[in-house]
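The structure appears right after this line, and notes come after that.
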Amino acid sequence: MKVDILGCNVDRIGMNETLQKIEEFIQSGKPHHIITLNAEIIYKAQSDSRLKEIINEADLVTPDGSGVVWASRYLNAPVPERVTGIDLTLRLAELAPKKGWTFYFYGGAPAVAEAAAENLQKKHKGLQVAGTCHGYISETEKQNLLANIRKKKPDILLVALGAPRQEFWIRDHQKNLQVPVCIGVGGSLDVISGRAKRAPVFFQKAGLEWLYRLMKEPHRIGRMTALPKFSLLVRLKGRRQ
Ligand code: UDP
């Protein structure tokens with residue numbers, strides 16, 4: 001079951017069902033693209049048809065962000081809960097040692113992906129991270145990265161280049177890489193590495209994580225103007241779709 005939000009199809013699933021799907025994807029061995037979709041990206045996709053196409057062709061699109069949850073309710077096709085990139089990463093890290101799944105982390109400033117891997121490995125004994133690479137590498141290094149991922153054959157590749165850069169990157173390389181599960185996780189590795197702080201639970205529960213992020217990173221104000229525009233568009237066009 002999906003909900004169409006401004007032409008972007010979002011799966012109406014919660015965390016447990018997402019994890020089940022991921023297990024199926026890994027068992028199949030074929031490449032799959034998972035997008036944790038927020039209102040900002042849906043708004044961006046209104047003027048970027050390739051992005052919209054990538055979203056609609058992804059194997060799983062989870063509702064990331066309170067804007068998407070609100071829109072799904074407004075359109076009378078509610079999603080059960082938010083499934084964010086960071087929550088998904090944390091749950092996968094918990095499950096991976098039991099299931100024998102291996103990870104590869106790509107993205108973030110130098111040393112962030114390694115620090116995130118170390119932190120998760122301290123918490124979850126037996127967690128295997130086949131490789132890490134930061135997100136500011138040269139063109140030659142990018143070719144080496146692709147070869148290294150193919151060689152290491154991880155089950156799950158987390159790409160933390162920010163949205164939608166990571167979605168384009170996954171789409172461009174997923175066939176060649178043959179990794180069963182590729183997920184764009186935005187700034188999640190920054191938080192897991194300890195470089196950035198996630199909003200306190202109060203903000204998360206109140207659907208105000210965006211406000212906390214804005215307070216911490218005021219330069220995001222330009223990007224955040226997408227949120228009221230998104231809400232207006234859903235009200236204007238949403239019910240007519
Ligand atoms: N980033 C990167 N390479 C780039 C541009 C960005 O690795 O060329 C990383 C950046 O270091 C940060 C993440 O991408 O860790 C972007 O995080 P942001 O919070 O902007 O993404 P969002 O969660 O909003 O998608």
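Read the figures in this text as sums done on the coordinates, not as results from a lab. As the structure is a computational prediction, the values presented were derived from the model and not from experiment. Quick reminder, even Gly has a Cβ in these numbers, built from the backbone with ideal geometry, and neighbours come from all protein chains shown.
Net length available on complete extension from LYS99 to LYS122 is 6.5 nm, with 0.36 nm assigned per residue and the Cα-Cα distance removed. The 3J(HN,Hα) values that the Karplus relation (6.51, -1.76, 1.60; θ = phi - 60°) gives for region 197-209 are, in residue order, 9, 7, 4, x, 3, 3, 5, 4, 5, 7, x, 10, 4 Hz. Gly and Pro appear as x. For region 75-95 versus region 182-241, the inter-centroid distance based on Cα atoms is 14 Å.
When +1 charges are put on Lys and Arg Cβ atoms and -1 charges on Asp and Glu Cβ atoms, the dipole computed for region 37-129 relative to its Cα centre reaches about 320 debye. Among 81-94, 207-220, the peptide with the highest mean count of other Cβ atoms within 10 Å heads the list, and the full ranking is 81-94, 207-220. The stretch between LYS216 and MET1 holds 73.8 nm of extra length on full extension. This uses 0.36 nm per residue minus the Cα-Cα distance. Stretched out straight at 0.36 nm per residue, the stretch from GLU141 to ASN56 would grow longer than its current Cα-Cα span by 27.6 nm. For the chain, the share of DSSP beta bridges that are antiparallel, to the nearest 5, is 15%. Charged side chains reduced to their Cβ positions (Lys and Arg at +1, Asp and Glu at -1) give the chain a dipole of some 360 debye around its Cα centre.
Amide H to amide H distances under 5 Å link VAL61 with ASP11, ILE35, where only residues 5 or more positions off or on other chains count and H is placed in the peptide plane. Look at the Cα gyration tensor of region 166-241: its axes a ≥ b ≥ c give a/c of at least 1.5 with a/b at or below b/c, and that counts as oblate. Work from the charge dipole of the chain (Cβ charges, +1 for Lys and Arg, -1 for Asp and Glu, about the Cα centre) and give the residue of GLY85, HIS134, GLN46 farthest towards its positive end. Selected residue: GLN46. A dipole drawn for the chain from +1 and -1 charges on Cβ atoms has a positive end, and of GLY187, ILE26, GLY65 the residue lying farthest that way is GLY65.
Here r is the Cβ-Cβ distance between ASN76 and GLU17 and R0 is 30 Å; the resulting FRET efficiency, rounded to 0.05, is 0.90. Within region 1-136, DSSP assigns beta bridges of which about 30% are antiparallel (rounded to the nearest 5).
A simple rule links phi to the HN-Hα coupling: the Karplus curve 6.51 cos²θ - 1.76 cosθ + 1.60 with θ = phi - 60°, which for region 103-113 gives 10, 9, 10, 10, x, x, 5, x, 6, 5, 5 Hz, with x for Gly and Pro. What shape does region 73-151 have by the C-alpha gyration tensor, where a ≥ b ≥ c are the square roots of the eigenvalues, rounded means a/c under 1.5, and otherwise prolate means a/b greater than b/c and oblate the rest? Oblate, because a/c is 1.5 or more while a/b does not exceed b/c.
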